[in-house]
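Read through the structure below, which is laid out as C-alpha cells, and then see the notes.
Only the coordinates and a few stated rules stand behind these numbers; no lab work does. Remember, it's a predicted structure, so these values are computed and weren't measured experimentally. When we count neighbours, we look across all protein chains shown, and the Cβ atoms used for this are built from the backbone with ideal geometry, even at glycine.
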Amino acid sequence: MDQNYVIILEESLIQKNKVLDEIKSLCEEQGRVIADDMQLEALDSYIEKKGILIEQLEKLDEGFESLYEKVSEEIKRDREKYAVQIRHMQSLISEITDKSNAIQAQEERNRSLINNYFGKRRSEVKEGRVNSKVAMNYYKVQSNSSFVDAQFMDSKK
C-alpha cells in the first residue's frame, strides 16, 4: 500500500475538523441572534450556511469511509509501520467527537430558545385575539342596546 492513502485519510479528518469548527461557530452565532433579537432573516441565513457545511461534512465522511475500506486491512496488518499516523488519526477522531457533541449541545440550546420565543409569540397572538374578541363583543352590546338619552319633561301646561 502507498503511504499516500494514509496521508489522505489524515487530511480528510483534518478537513472534517475544520468544517466542524465552522459549524460550531455558526451555531454559537445563531444562538446569540436567537437570544438577542431573533432576526428571522439572519436565522435563515445561518441555517443555509450550516446546510452547505453539513453537505461538505457528508462528502468528507463518504470519501474517508470508502478509502478506509480499501486500506483498512493493510493498516491492521502493518500497525507498527503506521503507528504515528494511527495515533494522529485517533487524536483527530477524538477532537471530531468532542466537537460533534458540543455542536449537538448548542443546537439543543438553540432549539430550546426558538421554542421559547415562538411559545411567547403564540401567547401574545392568543391574548391579542382574546382582547379583540372582548372589544368586539363590547362594541356589539353597546350598539345593540336601547340606550335612551336623558330627557327633560315639561311639566307646565
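Highest mean first, the peptides 7-13, 129-135, 105-111 sorted by other C-beta atoms within 10 Å per residue fall in the order 7-13, 105-111, 129-135.
In a simple Cβ point-charge model (Lys, Arg +1; Asp, Glu -1; nothing else charged), the chain has a dipole of about 1360 debye relative to its Cα centre. The residue list 75, 42, 92 was ranked by how far each Cα lies along the charge dipole of segment 30-114 toward its positive end, using unit charges on Cβ atoms, and 75 comes out on top.
Dipole magnitude for segment 1-65: about 100 debye, using +1 per Lys or Arg Cβ and -1 per Asp or Glu Cβ, origin at the Cα centre. Of all the options 137, 17, 115, the one that moves most in a Gaussian network model of the chain with Cα springs shorter than 10 angstrom is 137. Over 31 Å apart at the Cα level, from the set 18/70; 18/76; 16/81; 99/126; 70/99, are 99/126. Helix 40-77 and the longest principal axis of the C-alpha atoms of the chain enclose an angle of approximately 20°. When the Gaussian network model of the chain links Cα atoms closer than 10 Å, the mean-square fluctuations of 16, 81, 49 top out at 81. Between helix 3-36 and the chain there is an angle of about 20 degrees, using the helix long axis and the longest principal axis of the Cα atoms.
Relative contact order of the chain, taken over Cα pairs closer than 8 Å and 6 or more residues apart, is 37 percent.
P(r) for the chain, from all Cα pairs and a bin width of 10 Å, is 9, 23, 17, 14, 10, 7, 6, 5, 4, 2, 2, 1, 0 %, short bins first.
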